[in-house]
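Asks: Would you mind keeping the following structure in view while I ask a few things?
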Amino acid sequence: MTKIISIETFEGHGCIVRVRTDDGLEGIGQTAHSEAKITAEVLHSLVARNYLGRDPFDVVTLADSCARAEYKYFGGFLFRALAGVDTALWDLVGRAKSQPVYQLLGGKARPAVPVYGSAMRRDTTPEDEVDRMITAVAEHGFGAVKVKIGERNGRDGEPRSGRTSRLVPLLRKELGEEIEISADANGAYSPGQAVRIGRLLEEYDYLHFEEPVPYWEYENAERIAAALDIPIGLGEQEFSVENLRRLVTAGMADVIQPDVGYLGGITRARQVADLANLAGVPCVPHSSGRSLTAIFTLHLVTAMPACSLFHEWTIEDVSDMHFYEPFPVARGGEIIVSEAPGWGIEIPESVLRQMERRASTV
């Protein structure tokens, strides 16, 4: 039986993870991008002990058994760390079988991934934000875009006459009716104000309204979903598959948005996509950067039937994440995923040598 003998982390561009076996197999993964040092510590302290000496081809079973074994520490950092090892194992298995990960997940549900241009800024004027979106659509052929509205977890802090009230109609006017537009509040509103903003979005025919209230306010999310016609997107912050199941089955979310890095990797994100498929709810994974998490997400949405809408692709400067090749670029509003084995990417050893390395071994 093949056994995992080492799990390495490389801190620098987030936290890169490399898993190696006793017969020479290896795979590359990554934890959730932010707070790399803390995540690496958790990985080596809590996650690695559940993988060393085990068969890497038991990737689904290992993710489940790790989560159950470390139940005393259930939380965001545990699953951010688990994501690093889980994604490395999917790469390892794909390389060993000479198959891309999307093939391991069931094959191509779509020949290419349609993506939307996702803006991350709240410090722009409405006019500047519209200009940025027009440029992004022209350069990459996006058929859909998303903008930030309100103040992040801001308790209605933005004045009613502020940026959002001007941006929403202006963006529709300048982009026209052919481009789909979504809005992301990052928990900006109280329930009452979320309904008012939601009606503004409905007036201008926006595609969906993401995270209108803080993500932990489940009852408030349910109230908003019942009050509005615009689809409500939830789930990007969740590390619990069970909570994501509740969002879907209780009718709180019209669009479910797991993040591969936050949730614990491809194994658990696939469970949510399958759940969404059974419930008839679109799955639009959160993927706001261009680190390896974007590659993982592309493979997931290539394979999963429920991932039928546009998918997130940042319009911001991502030059600091260009540490792997090939580095994907949206053309004609879509991405075609590599057919190379595993994730289909390579990280030069020269890049890894510049990072802070730690290792857990048998």
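Asks: Might you tell me the accessible area per residue for the chain, computed with a 1.4 Å probe and given in Å²?
Replies: The answer is 40 Å² per residue.
Asks: Between helix 218-227 and the chain, what is the angle of the helix's C-alpha long axis to the longest principal axis, kept within 0 to 90° and rounded to the nearest 10?
Replies: Compared with the principal axis, the helix lies near 40 degrees.
Asks: Compute the angle between helix 126-140 and the longest alpha-carbon principal axis of the chain, please, reported from 0 to 90 degrees and rounded to the nearest 10.
Replies: Relative to the chain, helix 126-140 is tipped by roughly 50 degrees.
Asks: Next question, about the same structure. Given the protein chains as shown and a 1.4 Å probe, how many square angstrom of Ile345 are accessible, to the nearest 10?
Replies: The accessible area comes out at roughly 10 Å².
Asks: Moving on. If you put +1 on each Lys and Arg Cβ and -1 on each Asp and Glu Cβ, how big is the dipole of the chain around its Cα centre, in Debye rounded to 20?
Replies: Roughly 720 debye, rounded to the nearest 20.
Asks: Rounded to the nearest 10 Å², what accessible area does Val329 show when all protein chains are kept and the probe is 1.4 Å?
Replies: About 60 Å², rounded to the nearest 10.
Asks: Let me ask another. What shape does the range 43-143 take by its C-alpha gyration tensor, where a ≥ b ≥ c are the square roots of the eigenvalues and a/c under 1.5 counts as rounded, a/b above b/c as prolate, and the rest as oblate?
Replies: oblate
Asks: Which of the pairs Lys108/Lys173; Lys72/Lys148; Lys3/Lys37; Lys37/Lys97 have their Cα atoms more than 29 Å apart in this structure?
Replies: Lys108/Lys173; Lys72/Lys148; Lys37/Lys97
Asks: Something else about it: From Cα coordinates alone, what are the radius of gyration and Dmax values for the chain in angstrom?
Replies: Cα-based Rg and Dmax for the chain come out at 20.2, 65 Å.
Asks: Check each of the trypsin sites (Lys or Arg not before Pro) in the range 52-144 and keep only those in coil by DSSP with at most 12 other C-beta atoms within 10 angstrom; list them in order.
Replies: Within the range 52-144, the qualifying trypsin sites (Lys or Arg not before Pro) (loop, at most 12 other Cβ atoms within 10 Å) are Arg121.
Asks: Moving on. What ranking of Met1, Met120 comes out by heavy-atom accessible area, probe 1.4 Å, highest first?
Replies: Highest to lowest solvent-accessible surface, that is Met1, Met120.
Asks: If Arg358, Arg246 are ordered by their accessible area, calculated over protein heavy atoms with a 1.4 Å probe, which sequence runs from highest to lowest?
Replies: The ranking, largest first, comes out as Arg246, Arg358.
Asks: Keeping every protein chain in place, order Trp90, Trp216 by accessible area at 1.4 Å, biggest value first, i.e. largest first.
Replies: Output order, biggest surface exposure first: Trp216, Trp90.
Asks: In whole angstrom, how far apart do the alpha carbon centroids of the range 283-362 and the range 154-202 sit?
Replies: 29
Asks: Which percent of the accessible area of the range 99-227 is formed by carbon and sulfur heavy atoms (probe 1.4 angstrom)?
Replies: 46
Asks: Continuing with the same structure: Please list, by residue number, every one of the GluC sites (Glu not before Pro) in the range 114-189 that is coil in DSSP and has at most 14 other beta-carbon atoms within 10 Å.
Replies: Those satisfying the criteria are Glu177, Glu178.
The values are calculated or read from the model by the stated rules, or taken from the named source; none is laboratory data. The shown structure was predicted, so the numbers you read here are calculated from the model rather than taken from an experiment. Heads up, the Cβs are rebuilt from the backbone with ideal geometry, glycines too, and the neighbour counts pull from every protein chain shown. Just so you know, the surface numbers come from the protein's heavy atoms only, side chains and all, with ligands and any DNA or RNA stripped out. Shrake-Rupley method; radii C 1.70, N 1.55, O 1.52, S 1.80 Å.
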